[in-house]
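Everything below concerns the one structure shown next.
The values are calculated or read from the model by the stated rules, or taken from the named source; none is laboratory data. Quick caveat: nothing in here was measured; it's all calculated off a predicted structure. Note: ideal-geometry Cβ built from the backbone for every residue, glycine included; neighbour counts use all protein chains shown. SASA here: full protein model, heavy atoms, side chains in, ligands and nucleic acids out. Shrake-Rupley method; radii C 1.70, N 1.55, O 1.52, S 1.80 Å.
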Amino acid sequence: MATTVKELKATARPKSGKGAARAERRAGRVPGVIYGNNQPPLTISIEDRELRQRILAGRFLTTLVDIDLEGKKHRVIPRDYHLDPVKDFPIHVDFMRLGEGATIRISVPLHVVKAETSPGVKRGGTVNIVAHAIDLECGVESIPQYIEADVGSLEIGHSLHLADVKLPAGVKALTREDATLVTIVPPSGYAEEQKAAAAAAAAGAAPGAAAAPAAGAAAPAAAAPAAAAKAPAGGDKKK
């Protein structure tokens with residue numbers, strides 16, 4: 001899975017502080033900062049419309065970006081962004097500068113696949129995603145866009161754990177291997193149906209078990225009265 005690198009144009013923002021940031025927003029630009037790789041931070045601003053499109057497109061925080069700042073490119077990855085609590089548009093963005101061969105810790109989304117072939121789903125179960133993302137450590141050139149969770153063989157009540165997922169080469173999970181990622185939840189009333197079926201099976205086995213001794217005991221019981229009835233008859237003849 002090839003790493004996607006996007007390009008983004010930025011403008012140097014010589015002034016910092018709340019006043020300067022508000023001025024950038026009034027001009028239709030979003031203030032931001034580039035930091036890391038043992039270099040001084042750079043204050044920048046990005047066109048609001050372009051940044052908003054990138055965020056809405058998805059996978060913004062897992063995509064490498066080459067920021068073109070006055071003709072010089074900076075390889076970065078978005079680390080955080082803030083949205084206006086009322087209007088929901090970006091008001092600030094942070095980028096982390098990446099050096100060549102750098103290793104990064106990142107949260108990658110989990111994609112569930114083959115749910116339609118799961119025997120548990122076919123019996124009415126529902127896919128319950130416990131973890132929507134996985135924390136990974138990998139090189140900046142091998143960041144996966146997502147991790148696949150194959151639930152095609154899961155039955156009702158069964159789970160898929162991190163140890164069951166195959167990670168790309170050079171990618172290390174930072175979560176415990178026994179962490180649950182996905183479960184197949186039983187449908188409503190499933191537990192009651194299972195109990196009723198078990199009770200019916202037990203009730204069906206009980207009469208058969210009782211019938212065998214009863215049938216065996218019936219023969220001697222029937223023979224005893226017959227023998228008793230013949231004895232008086234024989235005595236009357238002798239008299």
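Here is a check on your reading of the model: is residue 69 under 25 Å from the mean Cα position of the chain (by Cα) and on the phi < 0 side of the Ramachandran plot? Quick ask: steps written out before the conclusion?
Details: under 25 Å from the mean Cα position of the chain (by Cα): no; on the phi < 0 side of the Ramachandran plot: yes.
In short, no.
Residue under question is residue 82, and the condition is that it be part of a strand (DSSP E or B), under 18 Å from residue 32 (Cβ atoms) and touching a residue at least 40 places away in the same chain (Cβ under 8 Å); does it hold? Steps first, please.
Numbers: part of a strand (DSSP E or B): yes; under 18 Å from residue 32 (Cβ atoms): yes; touching a residue at least 40 places away in the same chain (Cβ under 8 Å): no.
So residue 82 fails the test.
Kindly indicate the residue of segment 1-26 that is of a type in the set (Gly, Ala, Ser) and either within 32 Å of the chain's Cα centre (by Cα) or under 12 Å from residue 91 (Cα atoms) (or both) and also surrounded by the most Cβ atoms within 10 Å (Cβ to Cβ) among those meeting that condition.
Step one: of segment 1-26, the residues of a type in the set (Gly, Ala, Ser) are 2, 10, 12, 16-17, 19-21, 23.
Pick out the ones that are also either within 32 Å of the chain's Cα centre (by Cα) or under 12 Å from residue 91 (Cα atoms) (or both) and you get 2, 21, 23.
Numbers: 2: 7, 21: 20, 23: 15.
This residue is 21.
Can you tell me which residues in segment 121-130 are more than 16 Å from the chain's Cα centre (by Cα) and open to solvent by less than 60 Å² (accessible area, probe 1.4 Å)? Write out each step before concluding.
Restricting attention to segment 121-130, the residues satisfying the condition of being more than 16 Å from the chain's Cα centre (by Cα) are 122-124.
Of everything in segment 121-130, just one residue is more than 16 Å from the chain's Cα centre (by Cα) and open to solvent by less than 60 Å² (accessible area, probe 1.4 Å), namely 124.
Take the residues in segment 41-51 that are not in a strand (DSSP E or B) and not hydrophobic (A, V, I, L, M, F, W, C); name whichever of them is nearest to residue 24 (Cα to Cα). Outline the logic, then answer.
In the first step, residues of segment 41-51 are kept if they are not in a strand (DSSP E or B); the result is 48-51.
Still in the running and not hydrophobic (A, V, I, L, M, F, W, C): 48-50.
On the way: 48: 10, 49: 13, 50: 15 Å.
Going through the qualifying residues, I end up with 48.
On the basis of being charged (D, E, K, R) and in a loop (DSSP other than H, G, I, E, B), does residue 88 make the cut? If you could, list the steps in order and put the result at the bottom.
Working: charged (D, E, K, R): yes; in a loop (DSSP other than H, G, I, E, B): yes.
For residue 88, the condition - charged (D, E, K, R) and in a loop (DSSP other than H, G, I, E, B) - is met.
Mind checking which residues of segment 2-40 are under 19 Å from residue 57 (Cα atoms), in a loop (DSSP other than H, G, I, E, B) and touching a residue at least 40 places away in the same chain (Cβ under 8 Å)?
3, 4
Taking residue 44 as meeting all but one of (1) out of contact with any Gly (no Cβ under 9 Å at 6 or more places or on another chain); (2) farther than 17 Å from residue 141 by Cβ; (3) of a type in the set (Val, Ile, Thr), write down the number of the exception.
(1)
Is there a residue being open to solvent by 80 Å² or more (accessible area, probe 1.4 Å), assigned to a loop (DSSP other than H, G, I, E, B), closer than 30 Å to residue 168 by Cβ and free of Cβ contacts under 8 Å to residues at least 60 places away in the same chain anywhere in segment 52-72? It would help to see each step written out before you state the result.
Taking segment 52-72 first, the residues open to solvent by 80 Å² or more (accessible area, probe 1.4 Å) are 52-53, 56-57, 59, 70, 72.
Subset that is assigned to a loop (DSSP other than H, G, I, E, B): 57, 59, 70.
From what is left, the residues that are closer than 30 Å to residue 168 by Cβ are 57, 59.
Right, trim to free of Cβ contacts under 8 Å to residues at least 60 places away in the same chain and you get 57.
Yes, segment 52-72 contains a residue that is open to solvent by 80 Å² or more (accessible area, probe 1.4 Å), assigned to a loop (DSSP other than H, G, I, E, B), closer than 30 Å to residue 168 by Cβ and free of Cβ contacts under 8 Å to residues at least 60 places away in the same chain.
I'd like the residue in segment 166-197 that is part of a strand (DSSP E or B) and within 15 Å of residue 148 (Cβ to Cβ) and, out of all such residues, is most open to solvent (accessible area, probe 1.4 Å).
First, the residues of segment 166-197 that are part of a strand (DSSP E or B): 172-173, 180-185.
Going one step further and asking which of them are within 15 Å of residue 148 (Cβ to Cβ), we end up with 173, 181-182.
Numbers: 173: 27, 181: 7, 182: 0 Å².
Among them, the one singled out is 173.
Here is a check on your reading of the model: is residue 47 out of contact with any Cys (no Cβ under 9 Å at 6 or more places or on another chain), of a type in the set (Asp, Glu) and modelled with pLDDT under 95? Give the derivation first.
Values: out of contact with any Cys (no Cβ under 9 Å at 6 or more places or on another chain): yes; of a type in the set (Asp, Glu): yes; modelled with pLDDT under 95: no.
No.
Please go through segment 91-112 and pick out each residue that is part of a loop (DSSP other than H, G, I, E, B) and either polar (S, T, N, Q) or surrounded by fewer than 17 Cβ atoms within 10 Å (Cβ to Cβ) (or both).
Going residue by residue through segment 91-112, those that are part of a loop (DSSP other than H, G, I, E, B) are 98-102.
The answer is 99, 100, 101, 102.
Listed residues 149, 163, 133; which is of a type in the set (Gly, Ala, Ser), crowded, with 19+ Cβ neighbours inside 10 Å and touching a residue at least 12 places away in the same chain (Cβ under 8 Å)?
On the way: 163 fails: crowded, with 19+ Cβ neighbours inside 10 Å; 133 fails: crowded, with 19+ Cβ neighbours inside 10 Å.
The unique qualifying residue is 149.
Could you tell me which residue of segment 113-130 is farthest from residue 40 (Cα to Cα), considering only residues that are of a type in the set (A, V, I, L, M, F, W, C) and part of a strand (DSSP E or B)?
127
Only residues that are out of contact with any Leu (no Cβ under 7 Å at 6 or more places or on another chain) and modelled with pLDDT of 95 or more: list them for segment 179-197, please. Write out each step before concluding.
Taking segment 179-197 as the starting set, the residues that turn out to be out of contact with any Leu (no Cβ under 7 Å at 6 or more places or on another chain) are 180, 183, 185-197.
Listed by number, the residues that qualify are 180, 183.
Within segment 131-154, take every residue that is part of a loop (DSSP other than H, G, I, E, B) and at pLDDT below 95 and give me the one that is farthest from residue 185 (Cα to Cα). Quick ask: steps written out before the conclusion?
Of segment 131-154, the ones part of a loop (DSSP other than H, G, I, E, B) are 131-132, 143-146, 151-154.
With at pLDDT below 95 added as a condition, the list becomes 143-146.
On the way: 143: 31, 144: 28, 145: 27, 146: 24 Å.
Of everything passing the filter in segment 131-154, 143 is farthest from residue 185 (Cα to Cα).
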